[in-house]
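First comes the structure, then the notes that go with it.
Here, each number is a calculation from the coordinates, and none is a lab measurement. Quantities reported herein were computed from a predicted structural model and do not represent experimental measurements. Glycine also receives a Cβ, built like all others from the backbone with ideal geometry; neighbour counts cover every protein chain displayed.
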Amino acid sequence: MVRITYNLDFILSRLDNIDVLVLRAIEGLMGKFEFVPIEFIESRVRFSSSSLSKALHKLLDFRLVSRRVGDYTGYGLTFKGLDTLAYHYLKSNGYVAMLGEKIGVGKEGEVFLGEAPSGEFIVVKFHRGGFSGFRRIRRFRSYSIDAQHSWLELAKLTGEREFRVLSDLYKIGCRVPKPIAWNRHAVVQEYIDGIDLYKVGSLDASIASKILDSIIEDIKIAYQKVRVVHGDLSEYNIMIVESSWDAYIIDWPQYAYRDDELAESLLRRDVEYILRFFKKKFGVSRDVESTIRIIKGEYS
Ligand SMILES: Nc1ncnc2c1ncn2[C@@H]1O[C@H](COP(=O)(O)OP(=O)(O)OP(=O)(O)O)[C@@H](O)[C@H]1O
Ligand SMILES: [Mg+2]
């Protein structure tokens, strides 16, 4: 059983339907206001003002919303509030039974170990705002993102991006965590019982070479069949299962499509980082140019 360190399960156990409805109403109005005036919340949920005020107090106590006082009183959703809404959805739809310890925290997300109703371990990743390369992607019409996008929309978009690309990659046979569900900025995925590549100790050159081959093969499948480039590949975004030496490429939200004008330089950078790491750490050498040609299918 997972060890509980983040209190979303506790928070959910303390919230009534009214509290969740009020939280959702605030979320729904965040596109219009940084802090939603209380009258707007009131007219959306139509509870008596005493029930509403009780709910708002509870949400404030748990820090799911923050309050602005001044010329008007308004409430804004916090990241913890957004986590709570996403987790409420995932739990009530049977994707997650319980959230456990935090296994990763980066600039762009918080990653938790969790348990599915079946008892299996799973991973829940809550995105925090954008992703590296977001400004680059903003320039492409397909995402029609502009400077007006709030942290909330950005975080949700990032979750959606990661879930969709994982689904496409997984379907085609790339070794990535199997995506299970997604809601708002939260992505539920298969738990990889392995360690980050940068933590792997010394390795036999033939094993290291096989691992590198399989990583290059996955970059090639992603490039040729899904037409994407990871864009942030390094020893920090690859996990190794030590019992089989299988390598999984994780952390995809900043991927770029092949026809993106920067895809070429991102692919080159991904390949250079990985080859440099394998050379330095395991003494396995490969040529950058020929590896790129293999990935592009210019020869095999
Ligand atoms: N599916 C998974 N199974 C097991 N562990 C995982 C999984 N996904 C992520 N992790 C762990 O959590 C860490 C952070 O995950 P990830 O790289 O996806 O998030 P991140 O927010 O982008 O972090 P960073 O900004 O540090 O790159 C990983 O290095 C890994 O140790
Ligand atoms: Mg990462």
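The table below gives the values:
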item	result
Region 233-254 versus region 14-84: alpha-carbon centroid distance in Å	40
For residue 36, residues with placed amide H under 5 Å, excluding near neighbours	75, 76
Amide proton proximity set for residue 232, modelled H, under 5 Å, gap of 5+	none
Integer Hz, Karplus 6.51/-1.76/1.60 couplings in order for region 188-199, x for Gly and Pro	9, 9, 4, 7, 8, 7, x, 10, 5, 3, 5, 8
Debye-sum result for region 144-277 in log10 I(q)/I(0), which assumes one identical scatterer on each alpha carbon, at q = 0.14, 0.16, 0.21 Å⁻¹	-0.65, -0.84, -1.33
Binned Cα-Cα distances of the chain, short to long, each 10 Å bin given as a whole percent	6, 25, 29, 21, 12, 5, 1, 0
Residues whose placed amide H lies under 5 Å from that of residue 180, excluding near-sequence neighbours	188, 189, 190
Globularity index of region 202-300, i.e. its alpha-carbon radius of gyration over 2.2 N^0.38 Å	1.02
Loop GluC sites (Glu not before Pro), region 207-297 (other Cβ atoms within 10 Å of the site Cβ: 10 or fewer; DSSP)	261
